Every structure is written in structure tokens, then in C-alpha cells.
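Written below as C-alpha cells is the structure these notes are about.
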Amino acid sequence: MDHNRIGIRRRRNSSIDPPDLKLGFCFLLLIFFFLSVVESSIHEYNNEPFTPQLNSFFFHGGSEGLYASKFLADTDRGTTLDDSQQQQKEQRPPINGKSFVRFESVTFRRTKEATERQNAMQQKTGLVEAILFEVKDRDRIGGSFVGSDALCCTPELAKDGNCKVGEVIIHRQENGEWPKRIQTFFEGQEEEAKMTPLSVEVDSTGMYYLYFMYCDPQLKGTVINGRTVWRNPEGYLPGKMGPLMTFYGFMSLAYLVLGLLWFLQFVRFWKDILQLHYYITIVIALGMCEMAFWYFEYANFNSTGARPMGITMWAVTFSAVKKTVSRLLLLVVSMGFGVVKPTLGGITSKVLLLGLVYFLASEALELVENLGNINDFSGKAKLFLVLPVALLDACFILWIFSSLSKTLEKLQMRRSMAKLELYRKFTNSLAVSVLLSVAWIGYELYFNATDPLSELWRRAWIIPAFWSVLAYLLLLVICVLWAPSQNPTRYAYSEETGDDLEEEGISLTGSVDVAVKTERKEHVFGIGGEDLEEDKRE
């Protein structure tokens, strides 16, 4: 059966029709200001409606990558359970090492009109089913195995014994328990039907989807309330997010090591520190705090199943600030700040404005991405936030390489060979990073296009991890090229005059004490005066 018939899509593209963009933003602001806890592996349902699909009505209850339980009870191994034994198994409280989906306080409420049409003496007057299945078994839901497009059983299909009228069609293998079907009945003229609290243990690793469905047209208008809790053997982190906690732990250590090495050099040559070194120190500190906050945020979420707004907001904000300051650092370095020119001059306000706009766009995108893990934000809303960040990144890249071109040209005219060599190495490193970024964006597009159902969820963590590693490597390159040394003046800005002498070091990092060559700058007619005037203007 084609998965589109039951609305299975990637979680970022919810099965429910996405809300209007303005409503999405209002919802985002309400969450930002009023929620104290952001839940991720806990899916909340608040008067959610069911969507018509073919001859059924369904609601997407959630989807997560789940790992198999680490161990099974002896009674669960190789044993076929009858209905009563299966229900007892599902109602047993889960234990550590188990993977499960737990239904808590799930309630279905139908309309008053639907209730009044029922017979008060009738025991069962409506059926809602919870269907839990692994994505690879999606073809087992519906009548495709008998050549029918129906999702709910029809009298014609029931005659052949393939299903029961009024139920969702599920084709199971012999003695198979999956896909799971959990039924909840309305009774008499009761307006609400409460689902029995239970936990469904997961014994096979895979991407699992949960749908609540009903087939009776008289139940049209029914809404769902409650929540479901999804847990992996190691904790509440969704499967695709689990490896990121370990990754952020390693990155925190990496930034810590870089920070210690930089601090030692900083203290050793503190008398010769340039202003640019303070900016690099700030970026290292921000990166260290960002990785640490993400690690603790994920660790807390993994143990409790909830994401406190405080920790999440700090992690998101540090991430946005660090991205912004890193890009500004690349930009001002490319402009020759502290090396070719003492200040940015009249363009300082433009640089700061670009940084402020990028911070706001990045903060909004990070917030949606992290809250959207569970709340399933509209794909259109997310796309609307991705585009500004992408455009601003393009502006940064164009401005950086344009500035680098001018800086290299200026250094070549002035014959500042040490500085020229330094900037050539920096330009080459930056060019390599841009090429890697373009290649990785292509891979992301391919990955998303070929995995619409998140079946490759175990590899999804690599996508965000790459950008963190790339940012770290770029920062490492800057730290090596502009490391504090006992003779930093050969890379620092100095007033240009006709007879100035410039020292050219053989070592660009200043880590080796070598002989210093000197060269008298030749003042070519017209060039010296133009450069001085250009510096004054800038």
C-alpha cells in the first residue's frame, strides 16, 4: 500500500495540514513566553481533530526512532501470548533497559450530536483504534494485500474473512503481534471514551509511527486529549538524537583543550596581545559554553523526558550568539582588522547590523528546530525561517571573500610578504571550508530526498554534527595563524610611511624563534599616498 494513503510523512512535514504561517508564529511566541517545560519524547494531544483519509479518519500521534529493548523477560522469549496475557504484558510497569510507548490519560470526545444519536442501552456505540507500527510494515495497514484501496474494512472484504466491519484493516503474519492494534469503545450515550493506560514494549529497532483511527462516519468531529511517552533503553532521548549527546560531550572536551592551549599562549605573551586575540578568546569561550549547555540539556532530557525551558533557551541562545560572533570574526579578519587597518571605520555599523539580523534569524530557527522535535511545527513555517538564515550566510560569504580579495591586493601592493602569506593560508582554508559546505548541503538534500520516512534515522545526527565540527576546525585555523607570540607586530597594523621597516618572520605562528629578515619597502610613486588616504577613509 502506498504510504501516502495514510498520510505517513516525515515528522517535520506533519500529516495534518500545516496551519497558517501567522498562526505558527503566534504559537511559537506563546510557547516562548508562557511554557515552563518543553517536552520532546512526550507527545501532547490537546483537543486535536481527526483528518479524513479515504474511508477512515486518522490522527498522527507521533513518530520516533526506537531501539530494541536490551533484554526480554523469559516469558517473552519465543512465546505466543493470547489476548489476556498480551494485555497483562502491556500493562506491566516498564523497567530500565526497556523500550516502550506508554499511553497516559488518552481520552476521545465525540460531539453531542453523535452522542444523542446512540442508544443509551447499547454497550458499544463507537470505536477508536490506536495503530502502532514500524515504518517497514506500513504496507500491512489497509487492504492492499487483497487489492483494495480501503483502510477500513468494508462488508465485501469482511465476507472473505479478511477483517471485521468497522475496524482498520491490518494484515499480520502468522502468530505475529505487529502492527499493534489497541481498541477503545464509546459506551451508550457517553460523550467521552478513556483509553486504558498501558505500555507497549518495543522488541525490534526501527522507526515507529502511531496513528489513532476510526471508521464510523458518525464519529466525525471527535477530538483526542492526553499524551504518549516514548522511551529508549538508555533514556527518553529520541533515537536520532541519542548520539548527539555523546557528540556534544566530545566537542565540549575539544573546546576545553583548545581553550587551555590558547590560554597558555595568551598568558605567556600577554604583553604582546593584540585586540584581535581578545575576540578569538570570546569565540572559544562561547563555543565551550554552547557545547556544554547542549550536552547538559540533552542529558537532562534523556533522564527526565522533559526539556526545561531555561536550559533549552540558554543552549539555543548560546548557539545563536556563537554562530553570529564566529561569522563576524571571519568577516573582520578578512577585512584586515588589526593587520591592515586599525579600525573598521564607517562600515562598523553595517557589520554590527548584519550580525544583529543574523542573530535574530538564527535564534528563531534554532528555537523552531528544537521545539519542533515534538510539537511538529509546520514545515512551511520552518522553511520560512531557514531561507533568511541561508540568505544571510550567503551575504557573509560574499562579503568575506570580497574583503579578502581587497586585503590581499593591498598587502601585495605594499609588499607586506609575511602578512600576505598569512592571508593566503587563511584564504585557502576558508575556500576549502566553503567547498566542503556546498558538498555537504548537496548531501543533505540527497539524504532528505531519499529518506522521506526517516528510515535512516540512526544516521541523521551526522547532519548537524558536521557543521559543529567545521566551525571548530575554522576556529582552530584562526587560532594557529593568529596565535599570540613574542613578536606579533609583524602581523599588527602600523602606520605606513615611506621609510617604514617591516619584519618578516619565517614562522607564521611565532612558535619557533627564528632569524628575522628585514626589507625596506619601496615607495612606488603614487601608491603610498593612495593607501594612506584609503586607510583614512576606512
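Here are the numbers:
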{"quantity": "Two-site label geometry, residue 447 and residue 417: point separation in nm, points 7 Å out along Cα→Cβ", "calculated": "4.6"}
{"quantity": "Amide H within-cut-off set for residue 186, under 5 Å, with H built and near neighbours excluded", "calculated": "125, 126, 127, 128"}
{"quantity": "Residue 432-residue 273 FRET efficiency (beta carbon distance; Förster radius 41 Å; 0.05 resolution)", "calculated": "0.90"}
{"quantity": "Order by protection proxy (mean Cβ within 10 Å, highest first), peptides 44-53, 293-302", "calculated": "293-302, 44-53"}
{"quantity": "Amide H partners (placed H, <5 Å) of residue 226, local residues excluded", "calculated": "45, 47, 107"}
{"quantity": "Solvent accessible area, Å² - residue 63, 1.4 Å probe, full protein context", "calculated": "0"}
{"quantity": "Inter-label distance for residue 470 and residue 203, nm, one decimal - labels placed 7 Å from Cα along Cα-to-Cβ", "calculated": "4.4"}
{"quantity": "Other-chain or far-sequence residues with amide H under 5 Å of residue 51's (modelled H)", "calculated": "58, 59"}
{"quantity": "Cα-centred dipole magnitude for segment 147-268, charges only on beta-carbon of K, R (+1) and D, E (-1), debye, nearest 20", "calculated": "740"}
{"quantity": "Options 237, 247, 170, ranked by Cα towards positive dipole end of segment 165-292, top entry (Cβ charges)", "calculated": "247"}
{"quantity": "3J(HN,Hα) from dihedral phi, segment 154-171, Karplus parametrisation 6.51/-1.76/1.60, rounded to Hz, x for glycine, proline", "calculated": "10, x, 5, 6, 5, 4, 7, x, 7, 6, 10, 4, x, 10, 6, 6, 10, 9"}
{"quantity": "Pairwise FRET efficiency - residue 139 versus residue 220, Cβ, R0 = 41 Å, nearest 0.05", "calculated": "0.90"}
{"quantity": "Extension reserve of the residue 409-residue 164 stretch, reckoned as 0.36 nm per residue once the Cα distance is removed", "calculated": "80.3 nm"}
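The values are calculated or read from the model by the stated rules, or taken from the named source; none is laboratory data. Because the structure is a prediction, the values reported are computed rather than measured. Cβ: placed from backbone, ideal geometry, glycine included. Neighbour counts: every protein chain shown. We work out accessible area using only protein heavy atoms, side chains counted, and drop any ligands, DNA or RNA first. Shrake-Rupley method; radii C 1.70, N 1.55, O 1.52, S 1.80 Å.
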